[in-house]
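The values are calculated or read from the model by the stated rules, or taken from the named source; none is laboratory data. Just so we're clear, the structure is a prediction, and the values are computed from it rather than from any experiment. Virtual Cβ from ideal backbone geometry, glycine too; neighbours counted across all protein chains shown. Surface areas here come from the heavy atoms of the whole protein model, side chains and all, with no ligands, DNA or RNA. Shrake-Rupley method; radii C 1.70, N 1.55, O 1.52, S 1.80 Å.
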Amino acid sequence: MDSRFLLVVFSLVACGSALKFTRYNNVQVVGFDWKNCGKPDAPAVLKSLSVSPDPISIPGDLTASASGSTTVELAAPLSVNMTLEKEVAGFWVRIPCLDELGSCHYPDACEILNQLIPPGQDCPEPLHSYGLPCHCPFKAGSYSLPTSDFSVPYLDLPYWLTNGNYRAQGVLGSKGEELGCVKLTLSIASSSINDNLV
């Protein structure tokens, strides 16, 4: 899959501050877990999400599969409310929204997708091969991404998105109604390129 699409997925779920970025040459993501947090009758549901290995090395290769369904068409504007927290001294601290990253409200995720993958351009692999859409509207129905391999490149991460436990919640909405909710938990350990310079 094109790394841009992979990064937008992670960005919508676990965003960071853009105040200061550092190039990291060894990032380990450990204990990645998820669950639905929407209402029992939520229209949009993530049914499965598997990511391996554990830990995930960045840069590196990972294997992922996912499936989900929606009983309604997901069309613009499709809002996303993100809440991102970091564990500090045993307490969960909410990370504020800075430069549109962190605990933010995104009024239209469809427009974000259009910026990353211009309309008219083929969806990145493996979405293209499996006939999965990458632009709104997403028709009502079931979607499934079979087990696929991805290469994750070096990342420039905000200075605080390192060495800690994190949890994130993303709430999908439209016209004031909640369509679905997903929670993620993970731990990050990292070292920057500068850490290795003598």
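Based on what the data block shows, is residue 125 in contact (Cβ under 8 Å) with a residue 60 or more places away in the chain and within 16 Å of the chain's Cα centre (by Cα)? Show your work before the answer.
Values: in contact (Cβ under 8 Å) with a residue 60 or more places away in the chain: yes; within 16 Å of the chain's Cα centre (by Cα): no.
Criteria not met by residue 125.
Looking only at the range 70-90, how many residues end up being in contact (Cβ under 8 Å) with a residue 40 or more places away in the chain and either among the polar types (S, T, N, Q) or over 19 Å from residue 180 (Cβ atoms) (or both)? Walk me through how you get there before you give the answer.
Step one: list which residues in the range 70-90 are in contact (Cβ under 8 Å) with a residue 40 or more places away in the chain, which gives 70-88.
Within this subset, residues satisfying the condition of being either among the polar types (S, T, N, Q) or over 19 Å from residue 180 (Cβ atoms) (or both) are 70-71, 79, 81, 83, 85-88.
Summing the residues that are in contact (Cβ under 8 Å) with a residue 40 or more places away in the chain and either among the polar types (S, T, N, Q) or over 19 Å from residue 180 (Cβ atoms) (or both) in the range 70-90 gives 9.
Give me the pairs, please: first residue somewhere in the range 53-69 and closer than 24 Å to residue 132 by Cα, second residue anywhere and assigned to a strand (DSSP E or B) and open to solvent by less than 30 Å² (accessible area, probe 1.4 Å), beta-carbon distance under 6 Å, and either six or more positions apart or on two chains.
62/56; 62/150; 65/145; 66/145
Looking at the range 113-122, is at least one residue modelled with pLDDT under 90 and assigned to a strand (DSSP E or B)?
No: zero hits.
Those residues that are open to solvent by less than 50 Å² (accessible area, probe 1.4 Å), over 17 Å from the mean Cα position of the chain (by Cα) and over 21 Å from residue 46 (Cβ atoms), I need them from the range 132-170; list them, please.
If the condition is that a residue be open to solvent by less than 50 Å² (accessible area, probe 1.4 Å), over 17 Å from the mean Cα position of the chain (by Cα) and over 21 Å from residue 46 (Cβ atoms), then 160, 164 are the ones that fit.
Go through the range 128-154 and report how many residues are without any contact (Cβ under 8 Å) to a residue 12 or more places away in the chain, in contact with a Leu (Cβ under 9 Å, 6 or more places away or on another chain) and assigned to a helix (DSSP H, G or I).
Of the range 128-154, the ones without any contact (Cβ under 8 Å) to a residue 12 or more places away in the chain are 128-129, 131, 133.
Cutting the leftovers down to in contact with a Leu (Cβ under 9 Å, 6 or more places away or on another chain) gives us 133.
Remaining after also requiring assigned to a helix (DSSP H, G or I): none.
The total comes to 0.
For the range 38-74, which residues satisfy the criterion of being touching a Lys or Arg at 6+ places or on another chain (Cβ under 7 Å) and surrounded by fewer than 16 Cβ atoms within 10 Å (Cβ to Cβ)?
Going residue by residue through the range 38-74, those that are touching a Lys or Arg at 6+ places or on another chain (Cβ under 7 Å) are 67-69, 73.
Passing the criteria: 67, 69, 73.
Which numbered condition trips up residue 35, out of (1) part of a strand (DSSP E or B); (2) basic (Lys, Arg); (3) over 17 Å from residue 154 (Cα atoms); (4) modelled with pLDDT under 95?
It fails just one condition, (4).
When residue 93 is evaluated against the numbered criteria (1) part of a strand (DSSP E or B); (2) touching a residue at least 12 places away in the same chain (Cβ under 8 Å); (3) surrounded by fewer than 17 Cβ atoms within 10 Å (Cβ to Cβ), which criterion, by number, is the only one it fails?
All conditions pass for residue 93, except number (2).
Looking at (1) surrounded by 12 or more Cβ atoms within 10 Å (Cβ to Cβ); (2) touching a Gly at 6+ places or on another chain (Cβ under 9 Å), which is the only condition residue 126 fails?
Just one mismatch for residue 126, condition (2).
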